[in-house]
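Chemist: After the structure tokens below, expect a handful of questions from me.
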Amino acid sequence: MSVLTFHKMHGTGNDFVLFGPDIQPEHLKPEAIRFLCDRHFGVGADGVLFVCPSERGVARMRMFNPDGSEAQMCGNGIRCFAKYVSDSGAQREEMLSVESKVGLHRCRLFKGADGRVAEVEVGMGQPSYARSAVGMRGDEPFVAQSVENEHGSFTGTAVSMGNPHFVIFDYKSIPEAERLGPSLESHPQFPERTNVEFVEVAGDQHLKVTVFERGAGITLACGTGACATVAAAAIEKRIDPARPVAVDLPGGRLTIRFDAESGEILMRGPAAYVFEGKIDVKTEGS
């Protein structure tokens, strides 16, 4: 066992254990990731973030889900990651670039009254509607089409934000997401599994979303899920892509907009520290 120092952070209630650059993913055994995320025996988190070296950006973010699997990208996590990098003194500029498994992300930092980062706007890349991008078979985009299982028929749109999403409109309750999420996440149509968004169109440019995250279950917020929801709403003509969209998740609000020139989706929301602590963790070689 080794005593490790960690930071507990959250973005709109999506919470993370973050390790500084002295601790790398290779130092922890898979069961250590699951232990850290356990809310009864560990710290409790929706994922574990690592600050890794990068030749392209100020740092590279690696993120692991509570089941121990590595995620391609995490929108709320990258805001927390950017705040940590800036507040720790590694980068003091208004803009910084963070690398993830899916590419390089430009992060614009918004400081609070205390001089520390309060909000971050992240370039999340362009959405992809290609079936191959979400691991599905076939060529045509899967837009407003049905998936069937033992619970019924569900019409939705498949979209990738570097990770796969299946966005279903006209659902508004967390109990529905809890009941239906597991079978849709692992539906045979999605051989790599998928995140599932349950969405209510609450008004003009206003969406309410509950996300069943792949490898994590229901979470208070999902940044890539919010972006995928707006992308699906745009292609289904439920929102105006020329104007920002307010996306309310159980943990708070994110503002999502399309960059007019590049077509990239930009996500803005808060990032906050909860506490710093130390914990005994089983590491490689211990």
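The values are calculated or read from the model by the stated rules, or taken from the named source; none is laboratory data. Computed from a predicted model, the values in this text were never measured in an experiment. Ideal geometry is used to build each Cβ from the backbone, glycine not excepted, and the neighbour counts take in all protein chains shown. Accessible surface is based on the protein model in full, side chains and every heavy atom, while ligands, DNA and RNA are left aside. Shrake-Rupley method; radii C 1.70, N 1.55, O 1.52, S 1.80 Å.
Chemist: If exposed trypsin sites (Lys or Arg not before Pro) are those in a DSSP loop with at most 11 other Cβ within 10 Å, what is the longest stretch of the chain that has none?
Modeler: Numbers: sites that count: Arg39, Arg56, Arg92, Arg137, Lys237.
Result, exposed sites excluded: 138-236.
Chemist: Using all Cα-Cα distances in the chain, what percent lands in each 10 angstrom bin from 0 up to the longest?
Modeler: Pairs per bin, as whole percents: 7, 30, 36, 21, 6, 0.
Chemist: For the range 96-158, what log10 I(q)/I(0) values come out of the Debye formula at q = 0.28 1/Å, with one point per alpha carbon and no solvent?
Modeler: Scattering profile of the range 96-158, log10 relative to I(0): -1.13.
Chemist: Students often forget the sequence filter, so: which lysines lie under 19 Å Cα-Cα from Lys282 once same-chain residues fewer than 8 apart are removed?
Modeler: Output for Lys282: Lys8, Lys29.
Chemist: Per DSSP H run of n ≥ 4, the term is -39500 (n - 2.57); total these for the chain, divide by its residue number, and report the mean residue ellipticity at 222 nm rounded to 500 deg cm²/dmol. Write down the numbers at each step before the final one.
Modeler: Details: 4 runs with 46 residues, N = 286.
The per-residue figure over the chain is -5000 deg cm²/dmol.
Chemist: With a bin width of 10 angstrom, please list the P(r) values of the range 14-71 as percents of all Cα-Cα pairs, from the 0 bin to the one holding the largest distance.
Modeler: For the range 14-71, the binned pair fractions read 25, 55, 18, 2 percent.
Chemist: The range 1-108: D in µm²/s via Stokes-Einstein (Kirkwood Rh, Cα pairs, 4 °C, 1.567 mPa s)?
Modeler: Working: Rh = 13.8 Å.
My calculation gives 94 µm²/s for D.
Chemist: Separate question: Roughly what % of Cα-Cα distances in the range 243-283 sit above 11 Å, to the whole percent? Numbers along the way, then the final one.
Modeler: On the way: 602 of 820 pairs.
The answer is 73 percent, as a whole percent.
Chemist: Probe of 1.4 angstrom, ligands and nucleic acids ignored: what's the accessible area per residue over the range 61-119, in square angstrom?
Modeler: Working: 2310 Å² over 59 residues.
Accessible area per residue, the range 61-119: 39 Å².
Chemist: In addition: Write down Rg/Rh for the range 163-255, rounded to two decimals, with Rg from the C-alpha atoms and Rh from the Kirkwood relation over Cα pairs. Intermediate results must be reported in sequence, preceding the final value.
Modeler: Values: Rg = 12.3 Å, Rh = 13.0 Å.
Result for the range 163-255 is an Rg/Rh of 0.95.
Chemist: Of all the accessible heavy-atom surface of the range 91-148, with the other protein chains kept in place and a 1.4 Å probe, what percent is carbon and sulfur? Provide the component values of the computation, followed by the final result.
Modeler: Values: 1260 of 3110 Å².
Carbon plus sulfur share of accessible area: 40 percent.
Chemist: To continue, here is another question. From the P(r) of the range 123-173, could you give the percentage of C-alpha pairs in the tail past 14 Å? If you can, show how the numbers build up before the last one.
Modeler: Working: 693 of 1275 pairs.
Pairs farther apart than 14 Å: 54 percent.
Chemist: Connecting C-alpha atoms closer than 10 Å in a GNM of the chain, tell me which of Leu184, Leu104, Leu207 has the biggest fluctuation.
Modeler: Of Leu184, Leu104, Leu207, the most mobile in the Gaussian network model is Leu104.
Chemist: Kindly report the accessible area of the range 195-234 per residue (heavy atoms of protein chains, probe 1.4 Å, no ligands, DNA or RNA), in Å². Could you put the intermediate results ahead of the total?
Modeler: Values: 790 Å² over 40 residues.
Roughly 20 Å² per residue, with all protein chains present.
Chemist: Which whole-number percent of Cα pairs in the range 63-213 have a distance greater than 21 Å? It would help to have the intermediate numbers written out before the result.
Modeler: Numbers: 5985 of 11325 pairs.
Result: 53 percent of Cα pairs exceed 21 Å.
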